[in-house]
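To keep things clear, I will list the structure first and then write my remarks on it.
The values are calculated or read from the model by the stated rules, or taken from the named source; none is laboratory data. The model shown is predicted, which means the values in this text are computed figures rather than measured ones. Here the Cβ positions follow ideal geometry from the backbone for every residue, glycine too, while neighbour counts run over all protein chains shown. Protein only, heavy atoms only, side chains kept; ligands, DNA and RNA dropped before computing areas. Shrake-Rupley method; radii C 1.70, N 1.55, O 1.52, S 1.80 Å.
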Amino acid sequence: MNRSTISPARTLAATAVLGLTLLPAACTAGSEAAPEDGAAPATDAAALTVEDPWAKAVDDGMTAVFGTLTNTSGHDVRLVSAESAAAGSTELHEFVDEGGSPVMQEAGDGLLVPAETSFTLEPGGPHVMLLGVTDPLEPGEEVTVAVTAEDGSELEITAPVRSFDGANESYGQDGDAQDGSMDSMDHSDQDAGDGSDHGEDM
Amino acid sequence: MTADPVQPEQLPADGPGPGRPSRRGFLRGGATFLGGAIGGAAATFGGTAAWGATRPSSSSSEAPDQAGRATVAFRGPRQPGVGTTPQAFATLLALDLVDGSDRESLVRLMRIWTDDAERLMAGRPGLADTEPELAAVPARLTVTVGYGPGVFAAADLPGRAPAWLRPLPSFGVDRLADAWSGGDLLLQVCADDPVTVSHAARVLVKQARTFARPRWLQRGFRNSPGTVAPGTTWRNPMGQVDGTGNIDPAAEPHLIWHPDGSAGWLAGGTSAVVRRIAMDLDRWDEVDRAGRENTIGRRLSDGSPLTGRHEHDTPDLEAKGPNGFGVIDAAAHIRRSRTQDPHERFLRRPYGYDDGPGDTGLVFVSYQADIDRQFLPVQRRLDELDLLNEWTTPIGSAIFAVPPGVGPGEYLGQALLEG
Ligand code: HEM
Ligand SMILES: [Cu+2]
């Protein structure tokens, strides 16, 4: 009866396919939706879909990948690491409160995508951090990151690059653990994004 | 199969579902690239009388935010915003490519605009949209992209530029300002809500900022949905019923678009002429009703020709009055703009503008397959003689090639940039 209405799940899956490919061949079937008969997806990565991924354009230094992850399975999925050919190193980041101001840092326990829940990677929230970018990420290009789940399966996210003035959040003290090139990002207030900070902050 | 020239439109389903895109499609019939996106063709409307008129609205059962929720399909053999029944509000923007632009950067820009246009027209935010809530009201949003001569130079494809893609010759009536003329890229953004237009234009310009800088921006208006009876032709700021003698895109698509199956990257494409034409309304005020009607050759009351009774009666250019002169003046606008040559016709899609006292006029927009063959002869005739010239002055002029629509998996201009 409601034939004319596309269910949100289908819309989501259709959109996700555009920006998402899964690395292991075994995951292909799981990339669109959870298996129909309740069987668990073969891997953690296969339980996830990505909607509307994008990355902030940057000439060099740091940037991030955002998007909405949806866990279509009945069990939680924990993402533990990330990798990208476009960056010197790639980390999973979250925000913590440091003396009343939010700062980002590497997510110690990874990022948890609870069962049957959508999880948004967004400026000011959890994100996939690209550090030590040397080749410009130009608007209209795509950047690919592979996010690894606890079981070792990988979710490949292809994120279109877009101009963006936000996402200038400050880097927490834990960021000091990074290499020396990160020091310039180690500011503690929010008036980043202008002057010398431009384009270098997340 | 002949594709429908008019972009399929969708009206929302009856029940208001917050933020829920409805799939109950109201098609104008014909082929569509929509595939599974359209659930059912609940009604068909269109035809000569409907085009250019405020879109029909239906029964009292319609949702109160019906106009806001209606969408126009983005993908199809032709770009939306040409055959689309004119929406209430338009922003036309010309941009100039930054130095160092090349084919590669154009491809990136076109990928971005394709993605943004598709999302926004569906009522979804663009990627990296900083005001995503503003995208929730599509209101028949259309985004139409055109290429000025600069695109072909930047892409190093001079041989691909259509012969007619050059600034119009200057006319005696012209008082053109650089600030309103030219441009490498055109964005025509139209919707039935000005908030929607503003947001969409901002997203598109913002995401283009590393590629191109705005050159001029013209805002225009027509009647809002629900304010005039369905089928009513709009009135321009001079009070004239404007659009009666327009062509019907569904009936004569060849006048507008290069045939879908034809050779070359322009198949399914068209051209846009954008002229900013100032109206001297203060001096128009001095003209009595008879003089005003004589200027056009049509009545102000209902747009009927001075030789007929109803708006859509065919004007009789031969009819003589009691003293032997033509009932329709020898220099009346409709006499001068009409020609015997069936090719010298095109689609007019103008908007009114009002930027303050003394600054009112028409954002004249026309679409035609070939500017030289169709538009120029008419413009020349009007330049030579047209009573209307006494009160109207072109102050801006720009021309663009409008690439075809975007098929599944494609981006705007792909046939040109990769072909
Ligand atoms: C401010 C400028 C203009 C105003 C106020 C204006 C107004 C009108 C009006 C009221 C009509 C009669 C109703 C209709 O058929 O739409 C008309 C017809 C027409 N106008 Fe204009 N017009 C303007 C400029 C132009 C220009 C620049 C062109 C083309 C170069 C043009 C071409 C036509 C044509 C082709 C028709 C239809 C003639 C027919 O077949 O009956 N107009 N215009
Ligand atoms: Cu970060």
Which length gain, in nm to one decimal place, applies between B:Val228 and B:Ser262 when the Cα-Cα distance is subtracted from 0.36 nm times their residue separation? 8.3 nm
What is the sum of charges around B:Glu131, taking Lys and Arg as +1, Asp and Glu as -1, for the other residues whose C-beta is under 15 Å from the C-beta of B:Glu131? -1
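Taking all pairs of distinct Cα atoms, average 1/r, flip it, and tell me the Kirkwood hydrodynamic radius of the stretch B:67-149 in Å to one decimal place. Kindly include the intermediate steps, with their values, before the conclusion.
Numbers: mean 1/r = 0.0713 Å⁻¹.
Evaluated on the stretch B:67-149, it is 14.0 Å.
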Between B:Gln379, B:Gln66, B:Gln87, which gets the highest mean-square fluctuation from a Gaussian network model of chain B, Cα cutoff 10 Å? B:Gln379
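Rounded to the nearest 0.05, what FRET efficiency do B:His343 and A:Glu83 have when you use their Cβ-Cβ distance and R0 = 56 Å? Could you put the intermediate results ahead of the total?
Values: r = 60 Å, r/R0 = 1.08.
It comes out at approximately 0.40.
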What residue among B:Ala161, B:Thr142, B:Pro132 has its Cα farthest toward the positive end of the dipole of the stretch B:116-170, where the charges are +1 on Lys, Arg and -1 on Asp, Glu, each on the Cβ? B:Ala161
Could you state the angle between the C-alpha long axis of helix B:103-121 and the longest principal axis of the C-alpha atoms of chain B, as a value from 0 to 90 degrees rounded to the nearest 10? 80 degrees
For the pair B and A, the solvent-accessible area buried on both sides (1.4 Å probe; DNA, RNA and ligands excluded), in Å² to the nearest hundred, is 1600 Å²
Of B:Ala200, B:Ala70, B:Ala153, the one that fluctuates the most in a GNM where chain B has Cα springs shorter than 10 Å: B:Ala153
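Order the following by accessible area, largest value first: B:Arg349, B:Arg166, B:Arg299. Probe radius 1.4 Å; ligands, DNA and RNA are ignored.
Working: B:Arg349 0, B:Arg166 110, B:Arg299 75 Å².
The ordering from most to least exposed comes out as B:Arg166, B:Arg299, B:Arg349.
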Among B:Gly405, B:Leu187, B:Ala177, the residue whose Cα sits farthest towards the positive end of the charge dipole of chain B (+1 at Cβ of Lys and Arg, -1 at Cβ of Asp and Glu, taken about the Cα centre) is B:Gly405
Mind listing the Cα extents of chain B along all three principal axes, in Å, largest one first? 66, 54, 45
If you average 1/r across every pair of different Cα atoms in the stretch A:87-167 and take the reciprocal, what Kirkwood value do you get, in Å? 14.3 Å
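What's the whole-number percent of alpha carbon pairs in the stretch B:222-263 lying beyond 12 angstrom? Working shown, then result.
Working: 606 of 861 pairs.
The proportion of pairs with Cα distances above 12 Å equals 70 percent.
Using a 1.4 angstrom probe on the protein heavy atoms only, line up B:Val365, A:Val96 by accessible area, largest first. Kindly include the intermediate steps, with their values, before the conclusion.
Numbers: B:Val365 0, A:Val96 40 Å².
These residues rank, largest area first, as A:Val96, B:Val365.
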Two-site label geometry, B:Val195 and B:His254: point separation in nm, points 7 Å out along Cα→Cβ: 4.6 nm
Please report, largest first and rounded to whole Å, the three semi-axes of the ellipsoid equivalent to the stretch B:199-274, where each semi-axis is the square root of five times an eigenvalue of the C-alpha gyration tensor. 28, 25, 12
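Hey, got the average number of other protein chain Cβ atoms within 10 angstrom for residues in A:162-168?
Details: counts 9, 8, 6, 4, 2, 1, 0.
Mean inter-chain Cβ contacts per residue within 10 Å come to 4.
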Give the accessible area for B:Thr233 in Å² (nearest 10); use a 1.4 Å probe, count only protein heavy atoms, and leave out ligands, DNA and RNA. 20 Å²
So what does B:Asp282 come to for accessible area, using a 1.4 Å probe and Å² rounded to 10? 100 Å²
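Suppose a student asked you for the relative contact order of chain B, using Cα pairs under 8 Å spaced at least 6 residues apart; what percent would you report?
Numbers: 951 pairs, mean separation 90.7, N = 419.
Relative contact order for chain B comes out at 22 percent.
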Which residue, B:Asp302, B:Asp115, B:Asp355, tops the fluctuation ranking in a GNM of chain B built on C-alpha contacts under 10 Å? B:Asp355
Helix B:194-207 axis, angle to chain B major axis (alpha carbon atoms, nearest 10°): 60 degrees
B:Lys320 accessible area, nearest 10 Å², 1.4 Å probe? 130 Å²
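FRET efficiency for B:Ala179 and B:Arg209, Cβ-Cβ distance as r, R0 = 25 Å, nearest 0.05? Could the numbers behind the result be given before it?
On the way: r = 20 Å, r/R0 = 0.80.
The calculated FRET efficiency here is 0.80.
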Accessible area, 1.4 Å probe, largest first: how do A:His127, B:His254 sort? B:His254, A:His127
Alpha carbon centroid spacing (whole Å) that separates the stretch A:92-154 from the stretch B:200-244: 41 Å
Is the shape of the stretch B:131-210 best called rounded, prolate or oblate, per the rule: a/c under 1.5 gives rounded, else a/b larger than b/c gives prolate, else oblate, with a ≥ b ≥ c the square roots of the Cα gyration tensor eigenvalues? prolate
